[in-house]
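Encoded as structure tokens, the structure appears first; notes follow it.
The values are calculated or read from the model by the stated rules, or taken from the named source; none is laboratory data. Because the structure is a prediction, the values reported are computed rather than measured. Here the Cβ is made from the backbone with ideal geometry for all residues, glycine too, and neighbour counts use every protein chain on show. Protein only, heavy atoms only, side chains kept; ligands, DNA and RNA dropped before computing areas. Shrake-Rupley method; radii C 1.70, N 1.55, O 1.52, S 1.80 Å.
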Amino acid sequence: MERRFVKDRLRRSMMFVPGNNPGMISDARIYGADSIMLDLEDSVAYTEKDAARLLVHNALKTLDFGRKEVVVRINDLASGLGVLDLEAIIPAGVQVVRLPKTDSAQDVADCEAEIARIERKHGIPEGATGMMAAIESARGVLNAQAIAAASDRLIGVALGAEDYVTDLKTTRADGTELLFARSMILNAARAAGIAALDTVYSDVNNEEGFLAEVALIRKLGFDGKSVINPRQIEPLHRSFVPSEKDLKKAYAVMEAIREANARGSGVASLNGKMIDKPVVTRAKRLIALAEAVEEVEEV
Amino acid sequence: MELKKAATAGTMESGDVMVTLCPAQEGGVDLSLTSSVQQQFGRQIEAVIRDTLRKLGVEHAQVTAVDKGALDCTIRARVAAAVYRSAGETPERWEEL
């Protein structure tokens with residue numbers, strides 16, 4: 001398995017896989033999620049944490065997850081379990097550690113210090129293990145900018161909505177309750193140049209609600225979303241495929257730029273409208289997304 | 001590692017194996033295996049269980065394993081979990097597991 005994490009890659013879907021369920025772990029790669037997240041936290045009973053740690057350790061060492069990104073969600077460090085999790089997964093070659101309940105930049109720094117210590121202990125090049133931070137509280141949301149900038153290892157920040165809405169003294173509803181947190185996390189991620197990942201949609205039987213949420217987070221600018229059921233992956237991925245119309249326009253923009261450059265002109269236009277820099281940036285990004293999707297789906 | 005009490009790890013779910021260990025003073029490893037794939041893989045499963053016990057320094061034990069089609073990495077993980085539980089210890093030398 002490729003050990004070193006990749007900072008910038010396609011992350012439309014990150015699928016939660018309970019860390020104490022060997023059947024689900026061995027099947028995880030077949031569902032097509034861009035990232036697989038083996039979970040040692042909430043999906044594992046307290047009395048099974050030891051067994052899950054051994055199972056995930058052995059799975060990381062043995063199973064071929066192909067070109068999927070392999071993430072492990074550890075328990076938070078304050079619980080005393082997080083360090084035990086890190087001791088098990090880092091020598092086994094985890095690519096990205098997902099830190100839950102991240103309230104401050106210090107939480108990231110503390111986790112990073114433990115990761116670096118364990119890397120040194122095992123002769124792993126320091127910095128080989130990536131991290132992502134899940135923000136799940138009002139304090140975390142308010143500190144999102146500092147959290148996202150707290151480590152070069154961070155590949156992204158994610159929203160954990162269930163704990164967050166509980167902290168806010170509300171419940172999940174139509175998404176209005178998450179707008180501030182999503183906007184904070186997204187802006188923090190963009191300012192730090194890392195990915196923004198949305199929370200899970202737990203009502204797996206409500207496809208309409210799921211698609212509405214996916215459309216919303218796509219519009220806001222998120223890179224992708226955590227999923228808890230493989231059924232959610234295909235519709236999620238479909239929503240992230242650029243439309244043919246948008247893609248044609250993006251290619252036309254790039255062609256107009258090429259023509260302008262060939263003419264030696266600094267100004268390009270398309271259908272009588274000047275093309276300014278943000279339009280070019282968006283066109284490039286859309287083409288890159290389409291190419292990344294094509295590459296993944298060829299495999 | 002010294003086994004101190006009876007311990008179990010794993011479940012009866014598909015793809016898992018339930019391993020129960022009882023300490024013994026002598027007689028080597030007495031293994032009783034039931035598997036949904038006994039015909040094809042019984043010997044391989046038994047070899048993986050014995051190898052894992054050997055690596056963890058367990059010489060004598062009564063072992064009952066009920067296999068539901070577990071992969072080798074799962075068998076190793078469940079045997080190790082049962083051993084650590086029985087010994088009342090936490091894994092430390094992960095690189096050797």
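Considering only the other residues whose Cβ falls under 12 Å of the Cβ of A:I217, what net charge follows from Lys and Arg at +1 and Asp and Glu at -1?
My count for the surroundings of A:I217 gives +2.
Loop-resident GluC sites (Glu not before Pro) (DSSP state other than H, G, I, E or B) in the range B:1-76 with no more than 16 further Cβ atoms inside 10 Å of their Cβ: B:E2, B:E13, B:E26, B:E59.
Considering only protein heavy atoms and a 1.4 Å probe, what is the carbon-and-sulfur percentage of the accessible area of chain B? Can you show the working numbers first?
Numbers: 2320 of 5100 Å².
Carbon and sulfur: 46 percent of the exposed surface of chain B.
Residues of the range B:48-83 whose accessible area, computed with a 1.4 Å probe over protein heavy atoms, drops by at least 20 Å² once all protein chains are present relative to their chain alone are B:L71, B:C73, B:T74, B:A77, B:R78, B:A81. Label positions at A:A260 and A:A116, each projected 7 Å from the Cα along the C-beta direction, are separated by 4.5 nm.
At a probe of 1.4 Å, how much accessible area disappears from chains B and A on forming the pair, both sides counted, to the nearest 100 Å²? List each step's numbers first, then the result.
Details: alone 5920 and 14540 Å², together 18890 Å².
Accessible area lost upon association: around 1600 Å².
With distances taken between every two different alpha-carbon atoms, chain A has a Kirkwood hydrodynamic radius of 20.2 Å.
Seen from a random direction on average, the alpha-carbon convex hull of the range A:214-299 projects onto 7.0 square nanometres. I'd like the carbon and sulfur percentage of the solvent accessible area for chain A, probe radius 1.4 Å, heavy atoms only, ligands and nucleic acids excluded. That share works out to 52 percent.
Write down the accessible area per residue of chain A in Å², having rolled a 1.4 Å probe over the full set of protein chains. Walk me through the numbers before you get to the answer.
On the way: 13790 Å² over 299 residues.
The answer is 46 Å² per residue.
Extension gain, A:A252 to A:L220: 0.36 nm times the residue separation minus the Cα-Cα distance gives 9.0 nm.
Return the FRET efficiency for the residue pair B:T90, A:S243: r is the Cβ-Cβ distance, R0 is 51 Å, and the value is rounded to the nearest 0.05. Spell out each step's value before the answer.
On the way: r = 53 Å, r/R0 = 1.04.
It comes out at approximately 0.45.
Beyond a 28 Å Cα-Cα separation, which of these cross-linked pairs lie in this structure: A:K49/B:K4; B:K4/B:K55; A:K61/A:K219? The partial results should precede the final answer.
Values: A:K49/B:K4 20 Å; B:K4/B:K55 18 Å; A:K61/A:K219 38 Å.
Pairs exceeding 28 Å: A:K61/A:K219.
Accessible surface computed residue by residue for chain B, with neighbouring protein chains in place and a 1.4 Å probe, gives 53 Å² per residue.
How long are the three semi-axes of the equivalent ellipsoid for the range A:112-265, computed from the Cα gyration tensor as the root of 5 times each eigenvalue, in whole Å, largest first?
Details: eigenvalues 186, 134, 51 Å².
After scaling each eigenvalue by five and taking roots: 31, 26, 16 Å.
Database remark: amide H of A:A158 closer than 5 angstrom to the amide H of A:A133, A:A134, A:I135, A:L197 (H placed geometrically; neighbours at sequence offset of 5 or more, or on other chains; Pro and chain starts carry no H). In this structure, B:K55 and A:D64 have a Cβ-Cβ separation that, at R0 = 22 Å, corresponds to a calculated FRET efficiency of about 0.45. For chain B, the alpha carbon positions stretch 32, 29, 20 Å along the principal axes, listed from largest to smallest.
Ordering A:V70, A:A59, A:F5 by Cα displacement along the dipole of the range A:1-100 toward the positive end leaves A:F5 in first place; charges were set at the Cβ atoms of Lys, Arg (+1) and Asp, Glu (-1). List, by residue number, every residue in the range A:9-46 with a reduction of 50 Å² or greater in accessible area between the chain on its own and the complete protein assembly, 1.4 Å probe. Checking the loss per residue gives A:P22.
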